[in-house]
Amino acid sequence: MSHFTLKNYETIAGNAIMNEIEAYGEKLQGYNVLHINSTAVGGGVAEILHSLVPLMQEVGLSVKWSVLKGSPKFFNTTKQFHNGLHGQQVNITAEMLEHYLANAQKNRNLLEDEADLIVLHDQQPLGLTAYRSESKSRWLWYCHIDPSYAVPSVWYFLAPLVAACDVSVFHLPEYARDLSVLQYFMPPAIDPLSDKNREVTPEEYDSILEKLDIDPSGPPIILQVSRFDRLKDPVGVIEAFRLVRKNRKCQLILAGGSADDDPEGAIVLEEVRELADNDPDIKILALEPNANLQINVLQRRANVIVQKSLREGFGLTATEALWKEKPLVATPTGGLAYQVIDGKTGLTAKTVEEVASQIERILANPDWANKLGSAGKKHVTQRFILPVYLRNWLRLITLLRGQEK
Ligand code: UDP
């Protein structure tokens, strides 16, 4: 868990946000929140809970974070749900659904009657709704991906489980669904003080680049940081890079690990390695789950950061890039469209060819690229950093309390 206190964020977030946090906090002393997700490390949700939970506690709420357990078979099913929520055709059998529900039963001891609010993150813990008791707890489902294109077989299995909650939260208003429960919209955020995002010392910078065998002053680097997942389109990034390299000397780094709940990661990594075919200008880095400082340094070393996702819940990797004032080329899908405003805070591109041409524009115009980066940092500082996110959570809880009988 992060060891920073609210005071540490004051200069970054500004007084107005800090005052709001304090004012909401005063009315929420002792309010008991239980977060449940399915990974302790890896992926956006774990990342944010590491930073959010201690700050919520400091404000005066009583907050606990529990991690759901499951077999590889369970995570295979929930990954199919994930893909199905993103609109991919999936093959889900009755046996898989039974196994999913049985896994919830095994995890029911995670539930705590004294919680005022139980927060289920993503689809993995939704089965726990079957064990909702008569206690005072209110239940919230937080969907961290874009479910707009969800395939019916997955949505109509999950929707009744969501309906057993009191409120559902999506990152963006576009993600609203036909649900019988209250819907609320709250994008995630990055922690500007975490090892992933803080300033690095010159010694850290040099030593990490040396360890990764990256020349600090070599040819321009194009970087995508992402789990090895087809929806992040690493293959498309390699194709775009090969187009750019026809015209200028540059290198590509694809950096990413796989989350504990993502059984497809190793397969996709293998596919990507095959396509790269030992190309000396392409570096594929399989990172450990806690490679935060490495990601930080890689992002700072990069000349262009790419996020060519085919679908994206929000895209915290883009937020991290903009926070570091980096020129970013991203597909305007899901939350990426809120972060990259074409020509202002970065550049948008959909196809391989468009990505290649936007990368070339950035490499050809470094001063302009720097301006995009600075505007990007301002944009995310106002909207997508941890103190703003904490304020949004406190506001949501206050609203929910207003609904209590
Ligand atoms: N990340 C990481 N290691 C990796 C790949 C990703 O720590 O190998 C981090 C990344 O820096 C970001 C988060 O995991 O903070 C990914 O969040 P995002 O919203 O971009 O995508 P998700 O993985 O949740 O689909």
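The values are calculated or read from the model by the stated rules, or taken from the named source; none is laboratory data. The shown structure was predicted, so the numbers you read here are calculated from the model rather than taken from an experiment. Reconstructed Cβ throughout: ideal geometry from the backbone, glycine too, with neighbour counts over all protein chains shown. When the accessible area is computed, the model is the full protein with side chains, heavy atoms only, and any ligands, DNA or RNA have been set aside. Shrake-Rupley method; radii C 1.70, N 1.55, O 1.52, S 1.80 Å.
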Q) In whole Å, what is the distance between the alpha-carbon centres of region 100-134 and region 19-80? A) 14
Q) How high is the relative contact order of the chain, given as a whole-number percent (alpha carbon pairs under 8 Å, six or more residues apart)? A) 16
Q: List, in order, the whole-Hz ³J(HN,Hα) value for each residue of region 64-80 obtained from phi through the Karplus relation with A = 6.51, B = -1.76, C = 1.60 and θ = phi - 60°; use x for Gly and Pro.
A: 10, 10, 10, 10, 5, 9, x, 7, x, 5, 4, 5, 5, 5, 6, 5, 5
Q.
Largest first, please: the extent of the C-alpha atoms of region 129-248 along each principal axis, to the nearest Å.
A. 61, 34, 24
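Using the Kirkwood radius built from alpha carbon pairs, what does the Stokes-Einstein equation give as D for region 276-393 at 20 °C and 1.002 mPa s, in µm² per second?
On the way: Rh = 14.8 Å.
Once the numbers are plugged in, D ends up at 145 µm²/s.
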Q) Who wins for biggest fluctuation among Asp229, Asp215, Asp122 in a Gaussian network model of the chain, springs between alpha carbons below 10 Å? A) Asp215
Q: Starting from 0 in steps of 20 Å, tell me what percent of the Cα-Cα pairs of the chain lands in each bin.
A: 27, 58, 15, 0
Q: Would you compute, from DSSP H runs of 4+ residues alone, the mean residue ellipticity of the chain at 222 nm, taking -39500 (n - 2.57) per run and dividing by the full residue count, rounded to the nearest 500?
A: -13500 deg cm²/dmol
Q: Multiply the residue gap between Glu114 and Tyr156 by 0.36 nm, knock off their C-alpha separation, and tell me the result in nm, one decimal place.
A: 12.1 nm
Q | Karplus 3J(HN,Hα) series, Hz, for region 319-326 with 6.51 cos²θ - 1.76 cosθ + 1.60 (x for Gly, Pro) | A | 4, 4, 5, 5, 4, 8, 6, 8
Q: Mind telling me which of Leu275, Leu140, Leu394 comes out most flexible in a GNM of the chain, alpha-carbon contacts under 10 Å?
A: Leu275
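First measure r as the distance between the Cβ atoms of Glu174 and Lys249, then evaluate 1/(1 + (r/R0)^6) with R0 = 45 Å and state the FRET efficiency to the nearest 0.05.
Values: r = 40 Å, r/R0 = 0.89.
Computed FRET efficiency for Glu174 and Lys249: 0.65.
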Q: Take peptides 35-47, 308-320 and line them up by average Cβ neighbours within 10 Å, highest first, as a rough protection proxy.
A: 308-320, 35-47
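With the Cα gyration tensor of region 28-148 in hand, convert its eigenvalues to equivalent ellipsoid semi-axes via √(5λ) and list them largest first in whole Å.
Numbers: eigenvalues 137, 56, 28 Å².
Values for region 28-148, descending: 26, 17, 12 Å.
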Q) How far is helix 202-211 tilted off the main Cα axis of the chain, in degrees rounded to 10, range 0 to 90? A) 80
Q: Grab the eigenvalues of the alpha-carbon gyration tensor for region 1-95, scale each by 5, take roots, and send me the semi-axes largest first in whole angstrom.
A: 35, 15, 12
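At 1.4 Å probe size, with the rest of the protein present, what percent of the exposed accessible area of the chain is carbon and sulfur atoms?
Numbers: 8420 of 16920 Å².
With neighbouring chains kept in place, the figure for the chain is 50 percent.
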(Q) Considering only C-alpha atoms, what is the centroid distance from region 287-352 to region 207-255, in Å? (A) 13
Q: Enumerate the calculated ³J(HN,Hα) couplings along region 48-60 in order (Karplus 6.51 cos²θ - 1.76 cosθ + 1.60, θ = phi - 60°), each rounded to whole Hz, writing x wherever the residue is Gly or Pro.
A: 6, 5, 4, 8, 6, 4, x, 6, 4, 5, 4, 5, x
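Packing-wise, with mean Cβ within 10 Å as the measure, how do 202-209, 147-154 rank, highest first? Write out the running numbers ahead of the final one.
Details: 202-209: 14.5, 147-154: 17.1.
Ranking, from highest mean packing down: 147-154, 202-209.
For the chain, with only Lys/Arg (+1) and Asp/Glu (-1) charged at the beta-carbon, what is the dipole magnitude about the Cα centre, in debye rounded to 20?
Numbers: 42 positive and 50 negative charges, 142 e Å.
Using Cβ point charges on Lys, Arg, Asp and Glu, the chain gives about 680 debye.
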Q) Simple spin-label model, 7 Å along Cα-to-Cβ: Lys344 to Glu288 in nm? A) 4.1
(Q) Among Ile284, Tyr205, Asn247, which residue has its Cα furthest toward the positive end of the charge dipole of region 205-310, with +1 on Lys/Arg Cβ and -1 on Asp/Glu Cβ? (A) Asn247
**Q.** the chain: most fluctuating residue of Leu34, Leu231, Leu182 per GNM, C-alpha cutoff 10 Å
**A.** Leu182
**Q.** Scattering profile of region 116-192 at q = 0.19, 0.21, 0.23 Å⁻¹ [log10 I(q)/I(0), Debye over alpha-carbon scatterers]
**A.** -0.78, -0.94, -1.11
(Q) What three numbers, in Å, describe the spread of the alpha carbons of region 235-331 along their principal axes, ordered from the longest? (A) 39, 32, 25
